C-alpha cells in the first residue's frame, strides 16, 4: 500500500530535508496520495497510474499532477531501495508524460496594482499574520517561505534594511 511507503519515506528521508521542503512533501503526499490509492502499488498498472494523475490534473491542475508524479516517484524509488516493495510501474512514467510544468511569468505588477493589492489585503478578512506576510513579500521581494521563516536578526530595523540579502 502507498500509505506504508509514504510513512517510511517521510520518516527516514523527508525528515532530513529543509523545513520548507519537508512541509511540501508532507502536505502533498498526505493530501493527494495517502488513503487515495487503495490497491498495492506493485499491482498498479501504467493505466492505473495515468488515471490517478489524470484525476489530479482534472480536480486541481496539470502542474499539481506533474508535481505529484515527481513526489510519488521519489517515495516509490526510496521504498524499492529499502525493500518495502519490489517493483512499481510508476518508474516507467516520465514527468513530461503527465501534467504540465509551471511557467515563470515575466510580468511585474505596476505600483498602482500593488497599491490596489495592499488596500485589498487591508480590507480582507484574512488573518493579520497572513496579510503581513504578503505585504512583507511585496516590500522585500522575498519568497513566502523565506518571510515565514524570517527572524528578527534577519532585519536591520534601525536602518530599515533587509539583512538577508547582504549575507548571500
If you rank 71, 125 by fewest surrounding Cβ atoms within 10 Å, what's the result?
125, 71
Three-way shape label, region 111-167, alpha-carbon gyration tensor, a/c 1.5
prolate
For helix 111-123, what angle does its Cα long axis make with the longest principal axis of the chain, in degrees from 0 to 90 and rounded to 10?
80 degrees
From the Cα gyration tensor of region 2-97, with a ≥ b ≥ c the square roots of its eigenvalues, which class applies: rounded if a/c is under 1.5, or else prolate if a/b is larger than b/c, or else oblate?
oblate
Acute angle (nearest 10 degrees) that the helix 128-140 long axis makes with the longest principal axis of the chain, alpha-carbon atoms:
80 degrees
Could I get the Rg over Rh figure for the chain? Both from C-alpha atoms, Rh via Kirkwood, rounded to two places.
1.08
Taking the chain as the reference, fit the longest principal axis to its C-alpha atoms, fit the long axis of helix 62-81 to the helix C-alpha atoms, and give the angle between the two in degrees, 0 to 90, nearest 10.
50 degrees
Would you mind ranking 13, 92 by Cβ crowding within 10 Å, fewest neighbours first?
92, 13
Could you tell me the center-to-center distance, by alpha carbons, between region 13-56 and region 80-106 in angstrom?
10 Å
Which of 81, 153, 26 fluctuates most in a GNM of the chain (C-alpha springs under 10 Å)? That residue is 153
Quick note on 69, 37, ordering by fewest other C-beta atoms within 10 Å, gives 37, 69
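Every number here is computed from the coordinates shown, using simple stated rules; none is lab data. Note that this is a predicted model, so its numbers are computed, not measured. When we count neighbours, we look across all protein chains shown, and the Cβ atoms used for this are built from the backbone with ideal geometry, even at glycine.
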